[in-house]
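This report refers to the structure that appears directly beneath it.
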Amino acid sequence: MTWTINDAASQVGRRAIVTGANIGLGYDTALALAGKGCSVVLACRNPAKAQAARASMLARHAGAEIECMALDLSSLKSIRSFADTFARRHDALDLLINNAGIMMPPYSISEDGFESQLAANYLGHFALTGLMLPLLAATRGSRIVSLSSLAHNWGEIRFDDPQFKNGYNKLAAYGQSKLACLMFAYELNRRLQAAGMKTLSVAAHPGVAATNLAQHFPKFLTIFFPLVGQSSADGALPTLYAALGSDIKGGDYCGPRSMGQMRGAPIKVGSNRRSRDEGAARKLWEMSQRLTGVDYAF
């Protein structure tokens with residue numbers, strides 16, 4: 001059976017945060033949620049681009065409840081400010097979609113001393129999720145969706161040098177960040193279950209989707225992507241299935257059905273052995289808490 005957004009129940013009365021919602025997968029995820037009646041917070045680094053995205057969404061879904069909030073996932077200060085502001089405005093959170101990310105940029109270090117991909121793709125979302133967890137835990141039926149990638153297969157967690165201070169490889173750094181996202185989703189679900197909490201932690205990946213993430217790719221690869229991949233809207237479907245599917249359980253991982261999970265309808269998929277190493281996941285969790293200063297309230 002093929003899952004589509006039409007299979008999702010009405011989301012009227014529910015609220016979602018989608019990070020990086022002004023473009024690409026985040027935009028299409030937020031647009032679909034708004035179309036189902038969900039109140040959506042576009043959590044974006046650039047306020048002007050967020051407002052433009054909101055206007056575009058409202059042109060498609062007049063009357064939708066769409067709010068823009070500033071969030072820079074490469075800044076722990078920005079993340080804490082976002083979490084404080086959201087908690088003052090809202091008393092519930094049904095969905096946290098950890099979507100935002102960057103892919104294979106030139107080497108740079110965030111203001112907190114983190115390699116840019118690890119900061120924006122993983123550590124920022126680790127911190128955000130921990131700060132939003134009290135609201136999520138207090139909201140019945142809540143879910144956290146973490147975006148991974150086929151690139152998790154390229155990665156390993158460099159516990160001795162996670163910031164790539166000793167030689168930067170942008171491909172390896174991207175793989176590390178996306179492996180970390182997937183390991184985090186699994187480990188968070190284990191910890192939620194152990195604490196007797198009902199919030200689900202799940203993961204998703206878009207396969208190969210034509211989005212702005214490929215901006216740092218060599219030109220020949222940007223030509224290759226549309227030939228084997230799918231649209232951004234189709235790439236968002238695994239995320240939407242993970243967030244809204246009635247058969248989703250904690251710890252599930254969703255991706256495309258066909259061509260080695262590169263494209264196709266959303267289904268539950270598997271992941272490599274490294275992503276399911278529980279000892280490494282605990283070590284990653286401890287490192288993440290130490291680096292971000294965010295201690296989860298279990």
So which residues in the stretch 1-25 are under 16 Å from the mean Cα position of the chain (by Cα) and under 14 Å from A242 (Cβ atoms)?
A16, V18, L25
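Regarding the stretch 182-202, can at least one residue be identified that is aliphatic (A, V, I, L, M) and part of a loop (DSSP other than H, G, I, E, B)?
Applying the first criterion (aliphatic (A, V, I, L, M)) to the stretch 182-202 yields 182-183, 185, 188, 192, 194-195, 197, 200, 202.
With the extra rule that they be part of a loop (DSSP other than H, G, I, E, B), the set shrinks to 195, 197.
Within the stretch 182-202 (the criterion being aliphatic (A, V, I, L, M) and part of a loop (DSSP other than H, G, I, E, B)), the answer is yes, since at least one residue qualifies.
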Give me a count of the residues in the stretch 140-170 that are surrounded by fewer than 19 Cβ atoms within 10 Å (Cβ to Cβ), in contact with an Asp or Glu (Cβ under 9 Å, 6 or more places away or on another chain) and over 21 Å from K283 (Cβ atoms).
4
Reported set for the stretch 42-52 where residues are under 17 Å from G101 (Cα atoms) and in contact (Cβ under 8 Å) with a residue 24 or more places away in the chain is L42, A43, C44, R45, N46, K49, A50
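Here's the yes/no breakdown for (1) closer than 27 Å to L244 by Cβ; (2) of a type in the set (F, W, Y); (3) in contact with an Asp or Glu (Cβ under 9 Å, 6 or more places away or on another chain):
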{"position": "L95", "(1), (2), (3)": "yes, no, no"}
{"position": "I109", "(1), (2), (3)": "no, no, yes"}
{"position": "L131", "(1), (2), (3)": "yes, no, yes"}
{"position": "Y186", "(1), (2), (3)": "yes, yes, yes"}
Return the residues of the stretch 124-172 that are modelled with pLDDT of 95 or more, aromatic (F, W, Y), out of contact with any Ser or Thr (no Cβ under 7 Å at 6 or more places or on another chain) and on the phi < 0 side of the Ramachandran plot; say none if nothing qualifies.
F159, Y168
Against the definition (of a type outside the set (A, V, I, L, M, F, W, C), in contact (Cβ under 8 Å) with a residue 60 or more places away in the chain and either out of contact with any strand residue (DSSP E or B) (no Cβ under 8 Å at 6 or more places or on another chain) or crowded, with 19+ Cβ neighbours inside 10 Å (or both)), how does G63 come out, yes or no?
no
Going residue by residue through the stretch 251-259, is there one that turns out to be modelled with pLDDT under 95, surrounded by fewer than 19 Cβ atoms within 10 Å (Cβ to Cβ), within 18 Å of the chain's Cα centre (by Cα) and more than 24 Å from I157 (Cβ to Cβ)?
no
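The values are calculated or read from the model by the stated rules, or taken from the named source; none is laboratory data. Note that the coordinates shown come from a computational prediction; the quantities given were computed from them, not determined experimentally. Cβ coordinates were reconstructed from backbone atoms using ideal geometry, including for glycine residues, and neighbour counts include every protein chain displayed.
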